[in-house]
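Undergrad: Okay, handing you the structure first.
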Amino acid sequence: MKIITSSRLLSTFVLVSLIAFADHNQEKTDNSASTTRNEMTEEDAQIFLANSEAYLKKLNKKVSRAKWIHANFITYDTSSLVAEANAKKTAAVVRLAHEASRFNNTELNENTRRKLEKLKLALTLPAPQNAEQNNELSQITTQLSSLYGKGKYCLNEKTCLSLSEISATMATSRNYDELLELWTGWHEVAKSMRPLFMQEVTLTNHGAKELGYADTGVMWRSKYDMPADDFSRELERLWSQVQPLYQSLHCHIRAKLGDIYGEDKVPQNGSIPAHLLGNMWAQNWSNIYDMVAPEHGDPGYDLTELLTQHDYDELKMVRTAENFFISMGFAPLPDSFYERSLFTKPRDREVQCHASAWSLDSKDDLRIKMCIQLTGRAFTTIHHELGHNFYHRAYKKQPVFYQQSANDGFHEAVGDTIALSVTPGYLQDIGLLEDVPDASKDIGLLMKMALDKIAFLPFGLLVDQWRWKVFSGEITPENYNKTWWELRKKYQGVEAPVVRTEEHFDPGAKYHVPGNTPYTRYFLAHILQFEFHRALCDIAGNQESIHRCSIYNSKEAGGRLNRMLEMGSSRPWQEALAELTGKPEMDASAILEYFAPLQEYLDEQNKGRQCGW
Ligand code: X8Z
Ligand code: ZN
């Protein structure tokens, strides 16, 4: 590793640390800086950052490779290797984060200060400085992720179902008992995660405290260019904007489910049983669209059927999604994307099927990993994943500290924004649909979209409401499951279909809990994508209502989007947002405008019904 030094005497501690880094993972023993913190200068900080950057780049590449191999091939050995690599990287980043704090009292320029802050906040699960505890944490995180990836529900000794198989049946079955069995079966997978998760929380909180945060939840909330408490208030504000629409949707869907399953099974004054909404977590409901399709408003086509009729396979779905980005002026993905990605579930090995997008070298080695099913929903998810990859590529020239989205909601919103443009008009343009349904069918299209986007909002919010309280200690292990279901009821108005106890660990049945992915990002993304869509439609010169707008082929929209993506996290997200939308605040007015005709329809349908739970 090349270490940059200045002609000016470089403080001892910076040099000591960097030499230790160069020597990989060596325990830091010398904390005695000959220079006190007040003597640190801007120049010292810049040298520290330059050396950290070189080191991090190298380390990131190695760890990403190990993680990729593990996620594509889950075995005892790959788990050990990834745990080891991850422990090394975490130890190094923790050490750098502590070193960065040495500049807390130094007068620095804004950019240097921002890079140091990004470095301090870089980890999702900060580890304690103690090497043994760091190793333990890394082993636990790997174990949890493997447990989820390998998870299966076994009906008997011979027949076991993966989550993909269970999900496919839950999407189409309308049999209450069959759905119940699948729901219960999958939730068994999470039971063994409970003690691991408990220990993970203890260890990472320890790491967060060492870094000066009250707990890991506070650290997560500190990543939004505003004080952590202000961010919580922002979420409440956004939720209060969209909650009435969610409640209207809930009321209508509950009534329809009551008609089909009987009001004894779906009581009309309470929560909806969580297994009846076409999805394991009741987070997207579009799979039950056929049960609730508006009588005269159905658009008369189904994207899954169109894809099948036109012989789309996994590769063609990806190529088509990529073409959308290309039509907006983005350069095609490199050949290596197609050579190295995983599109189909292998039959002979365990993989982490939950879709993800990767940038392995922070340059051009972009990939997705997804067990694609030939459905309209998967087509949307492919756009979601490619959105991550196009973001990765757009910010690759930024310093490593800024190779992130403006805030994490932005990363999740880009591909979804593009998918909002997969309108009937677009499907006609690419030859999948013959006739575009007239405006009288918009209610059906909006209903289907709302079953995904509006239904998702409370789930998007509650996962971290639970986790933050776990990190802060307000929720203790004796109450993990009880409080989980209280929040599911409070926000979503859904309830467990069978008795749950603390022997169960239902949060663990959702990828992002054992996978340690913060979840508020998806709530934000669901608000932001409509803001992005509205702004890009204006830029593209759209004259129609925003739910009919497609930005396909608009180079102007592509150019403007790219300007925001290129910024990475170099500036506060408020500036990035204003770059595209003209306004620096997140705001739900766009999503409400998009669904305004549906809100009217729901109000009409819900007349005389008693809504709420
Ligand atoms: O996890 C994802 C993506 C990968 S970042 C497939 N999503 C959340 C989920 O599946 O729960 C996308 C929307 C919400
Ligand atoms: Zn994503």
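The values are calculated or read from the model by the stated rules, or taken from the named source; none is laboratory data. None of the values given here were measured: they were computed from a predicted structure. Positions of Cβ are generated from backbone atoms using ideal geometry, with glycine treated the same way; all protein chains shown enter the neighbour counts. For accessibility, only protein heavy atoms count, side chains too; no ligands or nucleic acids. Shrake-Rupley method; radii C 1.70, N 1.55, O 1.52, S 1.80 Å.
Undergrad: From the list ILE527, ILE539, ILE475, which residue is within 16 Å of ligand 2 (Cβ to nearest atom) and of a type in the set (A, V, I, L, M)?
TA: Answer to the selection: ILE527.
Undergrad: Here is a further query. Looking only at the stretch 533-569, which residues are among the polar types (S, T, N, Q) and open to solvent by less than 20 Å² (accessible area, probe 1.4 Å)?
TA: SER554, SER569
Undergrad: Which members of the stretch 375-404 meet the condition of being within 26 Å of ASN111 (Cβ to Cβ), more than 11 Å from ligand 2 (Cβ to nearest atom) and either assigned to a helix (DSSP H, G or I) or of a type in the set (Gly, Ala, Ser) (or both)?
TA: Scanning the stretch 375-404 gives PHE390, HIS392, ARG393, ALA394, VAL400, PHE401, TYR402.
Undergrad: Quick one: in the stretch 375-393, of everything that is open to solvent by 30 Å² or more (accessible area, probe 1.4 Å) and closer than 26 Å to ALA171 by Cα, which residue is farthest from the chain's Cα centre (by Cα)?
TA: Selected residue: THR375.
Undergrad: Separate question: Pairs under 7 Å by beta carbon, first residue more than 9 Å from TYR552 (Cβ to Cβ) and part of a helix (DSSP H, G or I) in the stretch 405-430, partner among the β-branched types (Val, Ile, Thr) and within 11 Å of ligand 1 (Cβ to nearest atom), six or more apart or different chains?
TA: ALA419/THR380
Undergrad: While we're here: Test ALA413 against the criterion of being more than 12 Å from ligand 1 (Cβ to nearest atom) and crowded, with 21+ Cβ neighbours inside 10 Å, and give yes or no.
TA: It is false that ALA413 is more than 12 Å from ligand 1 (Cβ to nearest atom) and crowded, with 21+ Cβ neighbours inside 10 Å.
Undergrad: Could we say that VAL463 is without any contact (Cβ under 8 Å) to a residue 60 or more places away in the chain, open to solvent by less than 10 Å² (accessible area, probe 1.4 Å), within 14 Å of ligand 1 (Cβ to nearest atom) and within 29 Å of SER138 (Cα to Cα) here?
TA: yes
Undergrad: Follow-up. Which is more than 16 Å from ligand 2 (Cβ to nearest atom), open to solvent by 20 Å² or more (accessible area, probe 1.4 Å) and under 24 Å from GLN247 (Cα atoms), of ILE430, ILE454, ILE443?
TA: ILE443
Undergrad: While we're looking at this one, here's another question. Of the residues that make up the stretch 119-130, is at least one part of a helix (DSSP H, G or I), out of contact with any Leu (no Cβ under 9 Å at 6 or more places or on another chain) and open to solvent by 10 Å² or more (accessible area, probe 1.4 Å)?
TA: Looking for residues that are part of a helix (DSSP H, G or I), out of contact with any Leu (no Cβ under 9 Å at 6 or more places or on another chain) and open to solvent by 10 Å² or more (accessible area, probe 1.4 Å), one finds none in the stretch 119-130, hence no.
Undergrad: Kindly indicate which of ILE372, ILE368 is at pLDDT 95 or above, within 14 Å of ligand 2 (Cβ to nearest atom) and not small (Gly, Ala, Ser).
TA: Testing whether each residue is at pLDDT 95 or above, within 14 Å of ligand 2 (Cβ to nearest atom) and not small (Gly, Ala, Ser) leaves just ILE368.
Undergrad: If SER421 meets every condition in (1) more than 29 Å from the chain's Cα centre (by Cα); (2) over 21 Å from LEU602 (Cβ atoms) apart from one, which number is that one?
TA: (1)
Undergrad: If you scan the stretch 362-374, which residues turn out to be hydrophobic (A, V, I, L, M, F, W, C), free of Cβ contacts under 8 Å to residues at least 60 places away in the same chain and either part of a loop (DSSP other than H, G, I, E, B) or out of contact with any helix residue (DSSP H, G or I) (no Cβ under 9 Å at 6 or more places or on another chain) (or both)?
TA: Residues satisfying the conditions are MET370, ILE372.
Undergrad: With respect to the numbered conditions (1) touching a Phe, Trp or Tyr at 6+ places or on another chain (Cβ under 7 Å); (2) of a type outside the set (A, V, I, L, M, F, W, C); (3) under 30 Å from GLU132 (Cβ atoms), which one is the sole condition not fulfilled by TYR176?
TA: Checking TYR176 against (1) touching a Phe, Trp or Tyr at 6+ places or on another chain (Cβ under 7 Å); (2) of a type outside the set (A, V, I, L, M, F, W, C); (3) under 30 Å from GLU132 (Cβ atoms), the one that fails is (3).
Undergrad: For the stretch 263-285, indicate whether the set of residues that are assigned to a helix (DSSP H, G or I), more than 30 Å from ALA87 (Cα to Cα) and aromatic (Phe, Trp, Tyr) is non-empty.
TA: no
Undergrad: Does LEU125 satisfy the condition of being closer than 23 Å to ARG571 by Cα and within 23 Å of the chain's Cα centre (by Cα)?
TA: No: the conditions fail for LEU125.
Undergrad: If you check GLU210, GLU263, which single one turns out to be open to solvent by 10 Å² or more (accessible area, probe 1.4 Å) and without any contact (Cβ under 8 Å) to a residue 24 or more places away in the chain?
TA: It is GLU263.
Let's see how each residue does on (1) more than 30 Å from GLY297 (Cα to Cα); (2) more than 22 Å from the chain's Cα centre (by Cα); (3) within 16 Å of ligand 2 (Cβ to nearest atom):
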site: TYR511; (1), (2), (3): yes, no, yes
site: PRO514; (1), (2), (3): yes, no, no
site: THR517; (1), (2), (3): yes, no, yes
site: PHE532; (1), (2), (3): no, no, yes
site: ARG571; (1), (2), (3): yes, no, no
site: ALA576; (1), (2), (3): yes, no, no
site: PHE595; (1), (2), (3): no, yes, no
site: GLN599; (1), (2), (3): no, yes, no
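Undergrad: Quick check on this structure: which one of HIS392, HIS383 is within 13 Å of ligand 1 (Cβ to nearest atom), closer than 21 Å to GLN574 by Cα and at pLDDT 95 or above?
TA: HIS392
Undergrad: Out of all the residues in the stretch 351-387, which are on the phi < 0 side of the Ramachandran plot and of a type in the set (Gly, Ala, Ser)?
TA: ALA355, SER356, ALA357, SER359, GLY376, ALA378, GLY387, listed by residue number.
Undergrad: Residue under question is VAL494, and the condition is that it be under 18 Å from HIS187 (Cα atoms), more than 16 Å from ligand 2 (Cβ to nearest atom) and open to solvent by 10 Å² or more (accessible area, probe 1.4 Å); does it hold?
TA: no
Undergrad: How many residues are more than 15 Å from ligand 2 (Cβ to nearest atom), among the small types (Gly, Ala, Ser), touching a residue at least 40 places away in the same chain (Cβ under 8 Å) and open to solvent by less than 40 Å² (accessible area, probe 1.4 Å) when one looks only at the stretch 325-361?
TA: Adding up the residues that qualify gives 1.
Undergrad: Restricted to the stretch 147-161, and to residues that are open to solvent by 70 Å² or more (accessible area, probe 1.4 Å) and out of contact with any strand residue (DSSP E or B) (no Cβ under 8 Å at 6 or more places or on another chain), which residue is nearest to SER79 (Cα to Cα)?
TA: LYS150
Undergrad: Another question about this same structure. Might you let me know whether the stretch 521-532 holds any residue that is assigned to a helix (DSSP H, G or I), more than 16 Å from ligand 1 (Cβ to nearest atom) and either free of Cβ contacts under 8 Å to residues at least 24 places away in the same chain or open to solvent by 40 Å² or more (accessible area, probe 1.4 Å) (or both)?
TA: no
Undergrad: Pairs please, first residue from the stretch 587-604 and touching a residue at least 40 places away in the same chain (Cβ under 8 Å), second anywhere and part of a helix (DSSP H, G or I) and open to solvent by 40 Å² or more (accessible area, probe 1.4 Å), Cβ atoms under 6 Å, 6+ apart in sequence or on different chains.
TA: ALA588/GLN241; ALA590/ARG534
Undergrad: Quickly run through the stretch 502-552 and pick out the residues that are over 18 Å from HIS388 (Cβ atoms) and among the charged types (D, E, K, R).
TA: GLU502, GLU503, ASP506, LYS510, GLU531, ARG534, ASP538, GLU544, ARG548
Undergrad: Look at SER550 and say whether it is part of a loop (DSSP other than H, G, I, E, B), within 22 Å of MET328 (Cβ to Cβ) and in contact (Cβ under 8 Å) with a residue 40 or more places away in the chain.
TA: When the stated conditions are applied, SER550 passes them.
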